[in-house]
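Notes follow the structure.
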Amino acid sequence: MSSVRENGRKLLAKTLGDDYLQRRDDSTNAFNAPLREFSETAAFGMIWSREGLEPKFRSMLCLAMLTALNRPHELEIHITSAVNNGCTVEEIRETLMHTVPYCGIPATLDSIKVAERVLTEKGLLPMDEGS
């Protein structure tokens, strides 16, 4: 395993947790292994590890981009990452609100629903929180 990939895996574990990395490893197979190796090396080992942007800011960028791409499964993972990287509930909400004029109301609504579920499951958002 290359040192870039090893560093990527360490950052992945730090960002999403050892349990996440273990579940990922346990579900890796011959079909998905090349993509997982690529994401560990390129996304985390080469991009997330760069200096210049704090992990918290990188998380907010991911939330906005995943909203634009309408990728709820990845958004769910990156909401956890954002919390682990120090984003507050307000920062997550405001990042998603910032996507409304650029991505549209339907895309942002989908992302808000995912964020509400994940943040509620993490005990960060009361189930009965109003506006």
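Using only Cα coordinates, the Kirkwood hydrodynamic radius of the stretch 58-125 works out to 11.3 Å. Among 70-78, 45-53, the peptide with the highest mean count of other Cβ atoms within 10 Å heads the list, and the full ranking is 70-78, 45-53. Stretching the chain fully between residue 30 and residue 1 yields a gain of 8.8 nm (0.36 nm per residue, less the alpha carbon separation).
Could you work out how far the C-alpha centroid of the stretch 56-131 sits from that of the stretch 1-44, in angstrom? Rounded to whole Å, the Cα centres lie 23 Å apart. Mean-square fluctuations from a GNM of the chain, with a 10 angstrom spring cutoff on Cα atoms, peak among 117, 23, 58 at 23. Taking the stretch 1-52 on its own, what percent of its Cα-Cα pair distances exceed 13 Å? Value for the stretch 1-52 (Cα pairs over 13 Å): 56 percent. Taking only protein heavy atoms and a 1.4 Å probe, the accessible area of the stretch 1-97 is 56% carbon and sulfur. Taking 7 Å steps out from each Cα toward its Cβ at residue 68 and residue 38 produces label points 2.0 nm apart.
Of the residues 85, 52, 30, the one whose Cα sits farthest towards the positive end of the charge dipole of the stretch 27-94 is 30 (charges of +1 on Lys and Arg Cβ, -1 on Asp and Glu Cβ, taken about the Cα centre). Rounded to whole numbers, the Karplus 3J(HN,Hα) couplings from phi for the stretch 14-24 are 5, 6, 10, x, 4, 4, 4, 4, 5, 4, 5 Hz, using 6.51 cos²θ - 1.76 cosθ + 1.60 with θ = phi - 60°, and x at Gly and Pro. Say we join alpha carbon atoms closer than 10 Å with springs in a Gaussian network model of the chain; which of 18, 26, 110 then has the biggest fluctuation? Comparing 18, 26, 110 in a Gaussian network model of the chain, the most mobile one is 26. Adding -39500 (n - 2.57) for every DSSP H run of four residues or longer, then dividing by how many residues the chain holds, sets the calculated 222 nm ellipticity at -20000 deg cm²/dmol. Computed over the chain with a Gaussian network model linking Cα atoms closer than 10 Å, the most mobile of 31, 44, 57 is 31.
The values are calculated or read from the model by the stated rules, or taken from the named source; none is laboratory data. Fair warning: this is a prediction, and the values are worked out from it, not measured in the lab. In this analysis, Cβ positions are derived from the backbone assuming ideal geometry, glycine residues included, and neighbour counts consider all displayed protein chains. Note: accessible area is taken over every heavy atom of the protein model, side chains too, but ligands, DNA and RNA are not part of it. Shrake-Rupley method; radii C 1.70, N 1.55, O 1.52, S 1.80 Å.
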